[in-house]
């Protein structure tokens, strides 16, 4: 099964200069665990911030989320996979990089995201299809 | 046990064959709808209406064969229910096709609409795989779970889509109503297919 068949197309972006608090607010409102990060000073650069980063690198260390900028904790570069790759390749990347979601790219554009649950669903459907 | 009920009698074989045809028609209609969304060719909508009529004939054939005494009486209600659900799904596709003749889907919603339509088609394909597994007498839990996975994905997509629908401006009341009805039908299809999967599970349980 190809990545584009099972990716989630909706991606939430946040500016690297926004505060971590804004990221928390967005994650709570949208019920998601990660945000894609864009950099106004470099259009090509993209990163990611997860709930895990917020908890361990800001809240857990006693930092103020209002005063901490996303660029301080965001992971760059963003881990991506081309949209026509196989779902099995996503699994390899997740295992190697120890991440739970991989972004999907079409050239320079980010077009989707695949989470661990998506891989589980896709594997089951693949098994049934035979 | 399965072999006795499903292969020994001519009427039973006929019902199963027609049920498979009914499902194939549903898949065909779903594919027509995807093709319409991709290219905007309204001939695909007419084809859906034709397929629905054909589906009605198949449904009547199944019911008359059941009336003649195919299957044991305790199995008939769920077989009947399964057939009715597939028929309702075909009706729904026809209504959707009719709506598409006078509404235009806003370009900003087209991509998600297409994705839901593609997932609906895949979901029907999965139901056919489940049906074949059922006829073969094998365990279909995994197949029905796959059907449910598709339903959940469609539900998630619709949730996002719904938030954007409310921001689309429409020309008049009827355009707005048509659009609202269209999107309701779009997701109701997956609910029905999921129900059909559950009835199939019930039938499987009745025989084990």
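Taken together, the values in this text are just the output of simple stated rules run on the coordinates, not laboratory data. What you are looking at is a predicted structure, and each value in this text was computed from that prediction instead of being measured. So basically every Cβ, Gly included, is an ideal-geometry build from the backbone, and we count neighbours across all protein chains shown.
Rank the residues B:159, B:22 as a footprinting-exposure proxy: fewest other Cβ atoms within 10 Å of their Cβ go first.
Working: B:159 11, B:22 23.
Starting with the residue having the fewest Cβ neighbours, the order is B:159, B:22.
Normalised by the residues of chain A, what does the relative contact order come to in percent, with Cα pairs under 8 Å and at least six apart?
Over chain A, the number comes to 30 percent.
What is the spin-label model distance, in nm, from residue B:184 to residue B:46 if the labels are put 7 Å beyond Cα along the C-beta direction?
Here the modelled spin labels are 3.0 nm apart.
What whole-number distance in Å separates the alpha-carbon centres of the range B:9-51 and the range A:45-92?
So the two Cα centres are separated by 45 Å.
For the range B:103-174, what is the relative contact order in percent, using Cα pairs closer than 8 Å and at least 6 residues apart in sequence?
With pairs under 8 Å counted, the relative contact order is 40 percent.
Counting C-alpha atoms alone, how compact is the protein assembly as shown: give Rg to one decimal and Dmax as a whole number, in angstrom.
23.8, 77
Is it possible to state the helix-based mean residue ellipticity at 222 nm for chain B, with each DSSP H run of 4+ residues giving -39500 (n - 2.57), the sum divided by total residues, to the nearest 500 deg cm²/dmol? What is it?
Helix contribution divided over all residues of chain B: -30000 deg cm²/dmol.
In whole Å, what are the Cα extents of the range A:3-129 along the three principal axes, biggest one first?
50, 29, 27
Largest first and to the nearest Å, give the Cα extent of chain B along each principal axis.
59, 31, 25
Within 10 Å of each residue's Cβ, count the other Cβ atoms and sort B:71, B:134, A:56 from fewest upward.
Going from sparsest to densest Cβ surroundings: A:56, B:71, B:134.
So what is the calculated 222 nm ellipticity per residue for chain A, using -39500 (n - 2.57) for each DSSP H run with n of 4 or more, over all residues, to the nearest 500 deg cm²/dmol? Don't jump to the answer; show the numbers that get you there.
On the way: 6 runs with 48 residues, N = 130.
Calculated from helices alone, the mean residue ellipticity at 222 nm is -10000 deg cm²/dmol.
Helix B:173-207 versus the longest principal axis of chain B: what is the Cα-based angle in degrees, 0 to 90, to the nearest 10?
The helix B:173-207 is inclined about 20 degrees to chain B.
Angle, helix B:43-67 long axis vs. longest principal axis of chain B, Cα atoms, 0 to 90°, nearest 10?
So the helix axis and the longest Cα principal axis differ by about 20 degrees.
So, in nm, how far is label residue B:136 from label residue A:63 when the simple model puts each one 7 Å beyond its Cα toward the Cβ?
Reported label-point gap for residue B:136 and residue A:63 is 5.4 nm.
What would the Debye equation give as log₁₀ I(q)/I(0) for the range B:88-208 at q = 0.13, 0.18, 0.22 Å⁻¹, counting only Cα atoms as equal point scatterers?
Values returned for q = 0.13, 0.18, 0.22 Å⁻¹ are -0.56, -0.90, -1.19.
Mind jotting down the distance between the C-alpha centroids of the range B:121-186 and the range A:1-38, whole Å?
So the separation of the two Cα centres works out to 24 Å.
Under the definition of Cα pairs under 8 Å and six or more residues apart, what whole-number percent is the relative contact order of chain B?
Dividing the mean separation by the residue count of chain B yields 28 percent.
Using the 10 angstrom Cβ neighbour count as an exposure proxy, how do A:34, A:123 rank, fewest first?
Ordered from fewest to most neighbouring Cβ atoms within 10 Å, A:34, A:123 come out as A:123, A:34.
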